[in-house]
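Inspection log for the structure reproduced underneath, given as structure tokens.
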């Protein structure tokens, strides 16, 4: 009876497939290679997008430098205009004061002439 038991267990052992580590390793390597290929393809498209974004950023940076320069020029010109307006206002006030004095003196002269 023991012999029959052994023969059955050896038959069952032969029927079950053996673990093939080399085959498993090849399958895993193929999967890894496919994953690496996918990553490489996506990396290429990301690099293209980054190049496009970088060129746009560079263009915007150049435009902002131009805008800064124009704003500085306009600011200095605006300061000059403000100073000119202030100078004109000061002159106008001085002229108005002189006119007031002349007008007052003229009225006094007329009053003196009428009194005579």
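Just so it is clear, none of the values below were taken in a lab; they were calculated from the coordinates. Keep in mind the model is a prediction, meaning the values are calculated, not measured.
Side notes on the structure shown:
- Cα gyration tensor shape for region 26-115, rounded if a/c is under 1.5, else prolate or oblate: prolate
- Net length available on complete extension from residue 78 to residue 114 is 7.6 nm, with 0.36 nm assigned per residue and the Cα-Cα distance removed.
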